[in-house]
1. Relative contact order (percent) for the chain, with alpha-carbon contacts under 8 angstrom and 6 or more residues of separation?
2. Whole percent per 5 Å bin, from 0 to the bin with the longest distance: what is P(r) over all C-alpha pairs of the range 313-374?
3. Pull up the DSSP beta bridges for the chain and report the antiparallel fraction as a percent, rounded to 5.
4. Based on the alpha-carbon set only, what is the convex hull volume of the chain divided per residue, in Å³?
5. Packing-wise, with mean Cβ within 10 Å as the measure, how do 137-143, 290-296 rank, highest first?
6. Using Cα springs under 10 Å in a Gaussian network model of the chain, which residue among Leu347, Leu287, Leu113 shows the largest mean-square fluctuation?
7. Pairs Lys181/Lys213; Lys65/Lys181; Lys65/Lys388; Lys4/Lys181; Lys25/Lys181; Lys4/Lys25: which are spaced more than 28 Å apart, C-alpha to C-alpha?
8. Would you mind putting 32-40, 188-196, 45-53 in packing order, based on average other-beta-carbon counts within 10 Å, highest first?
Amino acid sequence: MSDKTPATVDFDHHSPEFFENRHEKWADVRKCPIAHNSQYGGFWVASGYEEVAAVARDSATFTSKYVADDPDGFEYIGIMGVPRIPGIPPALIAEVEGPTHVALRRMLNPFMLPSAVESYRPFIEACATWFMDQVIESGSMEVIRDFTGPVPAVLTMKMVGLPCESWASYAEVFHSVNAYKPGTPEFDRSRTMMSDMITELLRVAEERRHDPKDDIISRLVEMRVDDNRPFSDAEIIGVLWNLIGGGIDTTTSLTALTMSHLDEHHDVRDRLINEPDLLAPATEEYLRYTSVNETLTRTVTKDVELSGQTMHRGDFLMMSWLAANFDESVFENPNDVIVDRSPNPHLAFGVGPHRCIGMHIARALFGVMMREILSRIPDFIVDREATKFYRGNPELAGVVVMPLSFTPGTARGIPRPF
Ligand code: HEM
């Protein structure tokens with residue numbers, strides 16, 4: 001293994017300058033697809049498509065694991081960025097490895113497979129219609145609050161086994177944690193709300209121990225790991241936090257960012273309206289183009305060489321799905337939205353053992369919400385002055401608020417589905 005001077009890149013992914021120009025910056029960083037950045041204590045950066053995929057597939061060498069205080073003194077960073085934001089519960093699906101990770105995915109699969117997702121479809125459609133009904137006669141809405149936030153949130157509540165009426169507080173907390181920086185009133189308010197949510201999650205978990213239902217919480221409290229022990233309360237919170245966080249704000253952002261693009265590209269919008277079959281390949285293209293989950297991190301567990309660079313046990317690494325999804329050696333004209341792009345091997349859902357377990361749900365939610373929008377408010381106009389995008393969150397892209405106006409339509413008057 002050669003131990004020559006590493007290729008270096010120097011950028012501060014938390015700085016506004018990097019954020020504002022991140023597509024150009026990543027294109028520049030990608031010239032050295034594996035390189036070392038000395039900021040924040042030092043970390044490797046994987047930015048080429050092949051390199052990002054290689055890292056994500058090899059979870060033995062590049063682990064996702066997070067352990068707060070490892071008894072062996074080894075420092076794991078987990079997946080949530082360099083530096084890790086303190087005080088957020090660990091993501092105890094994404095940040096575990098080995099038999100417990102396999103067992104968790106096996107438990108979740110029946111709720112996540114395409115057949116399960118098809119069984120949710122009528123509910124998703126009813127929710128989309130109902131939420132649209134609430135605003136369509138007024139000719140305006142704030143799309144995150146009124147539509148793209150609520151629909152995924154209600155489905156997540158139902159699937160997990162939480163009261164659907166609680167959707168608004170969960171949607172607010174996960175949206176605020178992603179959209180605002182620590183120290184802002186919105187972020188701090190969400191921190192306060194978190195403790196009420198944790199209390200509710202543990203109360204429902206306790207109820208299901210005595211009265212199991214057909215939901216994820218019931219299966220989770222039944223699970224046994226290691227030497228046949230149940231999960232602790234902290235582990236239950238970590239698993240549910242990961243699942244609810246994955247389910248709520250991600251598809252919200254994908255749909256809102258897509259609407260923002262369609263508002264600026266009426267030719268694409270007209271094609272999607274006139275050729276509804278295009279929505280399937282367009283879903284993949286908007287997943288690639290928006291790359292809602294922009295970056296994640298890993299810890300190197302043993303010395304390894306990749307792309308001519310030698311990484312050492314204990315090093316941290318950031319991989320950029322965003323950079324990989326714009327790699328021109330894989331995607332022709334990556335900066336253009338080509339709604340019928342084929343093939344489209346994007347990495348928006350990751351790859352390897354931690355590949356997004358909610359990807360079929362995400363596709364279904366996006367498809368249903370987009371059909372509702374394109375069929376009921378096809379002439380929506382985004383109020384660009386009032387629209388705010390996530391700023392300076394290197395892990396997630398999204399829309400904070402996005403007011404719309406449109407020609408008022410008629411409510412269908414369906415009963416509230418939850
Ligand atoms: C646009 C929508 C979504 C995007 C872009 C997205 C992206 C991702 C990515 C990139 C990963 C890989 C993490 C890694 O390699 O460390 C992941 C994992 C995960 N996602 Fe998603 N996700 C989306 C929607 C969802 C939904 C709807 C759910 C739940 C219903 C969900 C739940 C999860 C979970 C639990 C994991 C961890 C899987 C594991 O580590 O085995 N995601 N997601």
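Here, each number is a calculation from the coordinates, and none is a lab measurement. In this text, all values refer to a predicted model and were calculated from it rather than measured experimentally. Here the Cβ positions follow ideal geometry from the backbone for every residue, glycine too, while neighbour counts run over all protein chains shown.
1. The normalised contact order for the chain reaches 28 percent.
2. 4, 13, 17, 20, 21, 14, 5, 3, 1, 1, 0
3. The antiparallel fraction comes to roughly 80 percent.
4. Per residue, the Cα convex hull of the chain comes to 144 Å³.
5. Answer by packing, highest mean first, reads 290-296, 137-143.
6. Leu113
7. Those over the limit are Lys181/Lys213; Lys65/Lys388; Lys4/Lys181.
8. 45-53, 32-40, 188-196
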